[in-house]
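The values are calculated or read from the model by the stated rules, or taken from the named source; none is laboratory data. On a predicted model such as this, the values are computed, not experimentally measured, just so you know. In this analysis, Cβ positions are derived from the backbone assuming ideal geometry, glycine residues included, and neighbour counts consider all displayed protein chains.
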Amino acid sequence: MTKLYKVSLEKPLCKVAVGVAAVIFAFSAHGFTTNVSTVAELAGALLHMNENYRGASLVHTLILKKGSYDVRGLNLQYYHSTNKEMTDSGANLGMSQFTMRGETDNPRDVVIYRSQVDGEDPEKGLKLIYNYAGMVRNLTLSNCTTTADRAIHSHSGNTFWSNVIVTCCSAAKYGASSSGTWYDCQFIGNTAKNYGGALYNSKAYGCTFEGNTADSGGATYGTMLSNCTVRANTALESGGGVCSGAATNCVIEGNSASSGGGAYSCLVSSCNVSSNTAVNGGGTYNCTVLGSVVACNDASNLGGGCCGSELSWSVIGAGSVVSNNTGRAGAGGAYRSIVNGSRICMNFADGSRVNGAYSCGGGAYECVITDSLIDGNAVTKGRATSNTLGGGAYNSVLTNCVVRNNYVDALGGGIESGSAYGCVISNNVSKSINGSGGARRVSIMENCDIYENAMDPQGVMVNCRIMNYTNGNVIAEGANIYTNGWMPGPTVLVKSWCMATNCLVAGNRVTTLIGGTGTKCTTYSSCTFADNRYRYMTSGYQGPTNVLTLINCIIARNKDQTGASDLNFNPTFTYMALTNCVVGSMHGSDAESLAYPSVNIVTNNNPRFVDDGSRDSYALSPRSPAVGKGLVQDWMEGAFDIRHDAAYPRLRDGLVDIGCYECWLNPPGTQFIIR
């Protein structure tokens, strides 16, 4: 080991002997500067500067000439400002409160490394460099394998590194370095046993991380990243790219981990997270994602794009895009995530790694989604032995969302299970003619518009519009499946049981409008069925446990499938009950022999809708035969009609209109004074 001496400076220009080398020191108006070209000169200069030229301004500078510096065998001290003594740093090189840099702007021109002897154990506990509140610039730090907790030691947050390459360093705990602030640096091929293959608990600006490895945080752990590139890093457990901390305006791509291929448990803001892989959460896991693109990531289990856990949900904030991700067992886009103001598009759950289970949620699986677009997602069966479910969303809570152009092999092209409030559900596709394209088994749908879709609700529908379905759907250009053109769909518009209130069913062309299955009863209260074309109004209601009840409903202006003849009510089975309904016409013997007597039926095929071409064309004019003829029910007190507007309460002067609209000539509470 080279012997080091404490020295003192007595003249503005002098030489100090260190080992066998001599170092020249010079003063200028901008601070003290020295140039070195050998390891011995480097050691002597560092020792001298540690003793004599420590300054918060970092103007005192040590410049390394081009070349490689093998510092094996050195153990240089640094100055500790607290006890005013030189302190053993446990590192080959130590520096305190000055600048050390390479002579050019190319960091590869100067390499500081530690050679290894074949068959020899790493130097126990010895770091490559210890930086105490100094600045290191324009050089490469390489080839340090140590049993210490880190290969490079930044003593505090006010330690700075700029245009530095850190490569092939390995440590027992934190990898290359912990703490410090790094600018425009590169971290390549570093390894940590535990946390952060490259950086732990640091700050990095404009840096690149490639090929680093750790148990958690392949590139970084607990680090604040800005304008960085995190590429091709690996974590054995969590956070292939970044774990904990935060990333802003970063590219996080091609990383891998068990959980969170790109990022795990951190804030991801204005980033591009792409082409990462994991078992769960190909892109991110338990992260808050804001204004970012999470695309083309892959999870062998759940959450191709974003994944949460049972205890901590991911958050996908406004302006984010989750697209073209794949979840092999389900949740192509997002799993157990809270999504707001974002787009979940073109994601895919392919069932390729599922044995004996379901493949669910092309776009979202068990998520809470608000003000978002769910578009062009798909679920296929793959190796799954059970049905595929939820092309757009599975078992999720959706509010004010647009769910369109999604696909499923079996059940629930748009939505399967969960609930929907204020959503638009349009042109979703089920490959199976027995599976609904729009929504299936949704516990509650409120204030939703369902266009170009059949349904199997198995729940509650309130203030919904079901319109313009035509026995199939057009596969949208760009939808995440390989089938183009027209795909036949269910022949029944609304099948299975439901409890529907204030709903409009209009403009559909289908074999059967309402179909009953199973052993549950269905009730439509204050609903309007108009301008549909079908072969049968109803079918499938065959016993006392499978009854269709229509209360305060309008069934008028409907025609047969050709559009040539009026056809309003011709049930194929007779377990039905009609109360206070306007029915355009009754057809067939079944309509005349229902199992339950019809009460207060008005036969009139002209319900006198306003027909003004607006969204509310099926509102009633004052001369409608449905005005004031409904049966008052308990739920109507304080309720509104399909417009869900306080200007249109369901009751007026203790009366209710038949159908989904209440006729109000003027807003309630308005007074006219006639003089």
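From the set of residues in the stretch 430-449 that are surrounded by 24 or more Cβ atoms within 10 Å (Cβ to Cβ) and modelled with pLDDT of 90 or more, which is farthest from VAL397 (Cα to Cα)? Per the stated criteria, the residue is GLY438.
Against the conditions (1) more than 19 Å from CYS503 (Cα to Cα); (2) aliphatic (A, V, I, L, M); (3) modelled with pLDDT of 95 or more, where does LEU594 fall short? Just the number, please. Checking LEU594 against (1) more than 19 Å from CYS503 (Cα to Cα); (2) aliphatic (A, V, I, L, M); (3) modelled with pLDDT of 95 or more, the one that fails is (3).
The set of residues in the stretch 513-540 being under 38 Å from the mean Cα position of the chain (by Cα) and of a type in the set (Phe, Trp, Tyr) consists of TYR524 alone. Screening ILE551 on (1) among the aliphatic types (A, V, I, L, M); (2) crowded, with 22+ Cβ neighbours inside 10 Å; (3) out of contact with any Cys (no Cβ under 6 Å at 6 or more places or on another chain) shows it passes everything except condition (2). Whenever a residue of the stretch 538-557 is within 16 Å of ASN570 (Cβ to Cβ), its partners that are at pLDDT 90 or above and among the acidic types (Asp, Glu), lying with C-beta atoms within less than 7 angstrom and at least six residues away or across chains, give the pairs ARG557/ASP531.
Close Cβ contacts (under 6 Å, 6 or more residues apart or on different chains) running from residues in the stretch 309-327 that are part of a loop (DSSP other than H, G, I, E, B) to residues that are surrounded by fewer than 23 Cβ atoms within 10 Å (Cβ to Cβ) and of a type in the set (S, T, N, Q) comprise GLY317/ASN340; ALA318/ASN340.
The residue list ILE338, ILE369 contains one member that is surrounded by fewer than 24 Cβ atoms within 10 Å (Cβ to Cβ), assigned to a strand (DSSP E or B) and modelled with pLDDT of 95 or more, which is ILE338.
Taking the conditions (1) touching a helix residue (DSSP H, G or I) at 6+ places or on another chain (Cβ under 9 Å); (2) modelled with pLDDT of 90 or more in turn, PRO571 satisfies each one other than (2).
If I filter the stretch 556-570 down to residues being assigned to a loop (DSSP other than H, G, I, E, B) and hydrophobic (A, V, I, L, M, F, W, C), which single residue comes out as farthest from ALA500 (Cα to Cα)?
We begin by selecting, within the stretch 556-570, every residue assigned to a loop (DSSP other than H, G, I, E, B); these are 557-558, 560-565, 567-568, 570.
Still in the list and also hydrophobic (A, V, I, L, M, F, W, C): 564, 567.
On the way: ALA564: 29, LEU567: 22 Å.
Selected residue: ALA564.
Here ASN580 meets the list (1) without any contact (Cβ under 8 Å) to a residue 60 or more places away in the chain; (2) out of contact with any strand residue (DSSP E or B) (no Cβ under 6 Å at 6 or more places or on another chain); (3) polar (S, T, N, Q) almost entirely, failing just condition (1). Of all residues in the stretch 452-466, those being outside any loop (DSSP other than H, G, I, E, B) and surrounded by 18 or more Cβ atoms within 10 Å (Cβ to Cβ) number 6.
For the stretch 496-555, how many residues meet the condition of being small (Gly, Ala, Ser), under 24 Å from SER617 (Cα atoms), out of contact with any helix residue (DSSP H, G or I) (no Cβ under 9 Å at 6 or more places or on another chain) and outside any loop (DSSP other than H, G, I, E, B)?
Applying the first criterion (small (Gly, Ala, Ser)) to the stretch 496-555 yields 496, 500, 506-507, 515-516, 518, 525-526, 530, 539-540, 543.
Now narrow it down to the ones that are under 24 Å from SER617 (Cα atoms): 500, 506-507, 525-526, 530.
Applying the additional criterion that residues be out of contact with any helix residue (DSSP H, G or I) (no Cβ under 9 Å at 6 or more places or on another chain) yields 500, 506-507, 530.
From the residues that got through so far, the ones that are outside any loop (DSSP other than H, G, I, E, B) too are 500, 506, 530.
Number satisfying all stated conditions: 3.
A search for C-beta distances below 9 Å between a residue of the stretch 29-51 that is under 11 Å from LEU64 (Cα atoms) and any residue that is at pLDDT 90 or above and acidic (Asp, Glu), counting only pairs 6+ apart in sequence or on different chains, returns THR34/GLU41; ASN35/GLU41; ASN35/GLU103; VAL39/ASP70.
For (1) free of Cβ contacts under 8 Å to residues at least 24 places away in the same chain; (2) farther than 23 Å from CYS243 by Cα; (3) among the hydrophobic types (A, V, I, L, M, F, W, C); (4) touching a Pro at 6+ places or on another chain (Cβ under 8 Å), each residue gets a yes or a no:
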{"site": "ILE129", "(1), (2), (3), (4)": "no, yes, yes, no"}
{"site": "GLY134", "(1), (2), (3), (4)": "no, yes, no, no"}
{"site": "LEU141", "(1), (2), (3), (4)": "no, yes, yes, no"}
{"site": "ALA148", "(1), (2), (3), (4)": "no, no, yes, no"}
{"site": "SER156", "(1), (2), (3), (4)": "no, no, no, no"}
{"site": "TRP161", "(1), (2), (3), (4)": "no, no, yes, no"}
{"site": "ALA172", "(1), (2), (3), (4)": "no, no, yes, no"}
{"site": "TYR183", "(1), (2), (3), (4)": "no, no, no, no"}
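Counting only strands (runs of 3 or more DSSP E) wholly contained in the stretch 235-280, no element carries 3 or more residues that are of a type in the set (Ser, Thr, Tyr) and either out of contact with any strand residue (DSSP E or B) (no Cβ under 8 Å at 6 or more places or on another chain) or closer than 17 Å to GLY317 by Cα (or both).
The residue that is nearest to GLY414 (Cα to Cα), counting only those in the stretch 427-451 that are β-branched (Val, Ile, Thr) and outside any loop (DSSP other than H, G, I, E, B), is VAL429.
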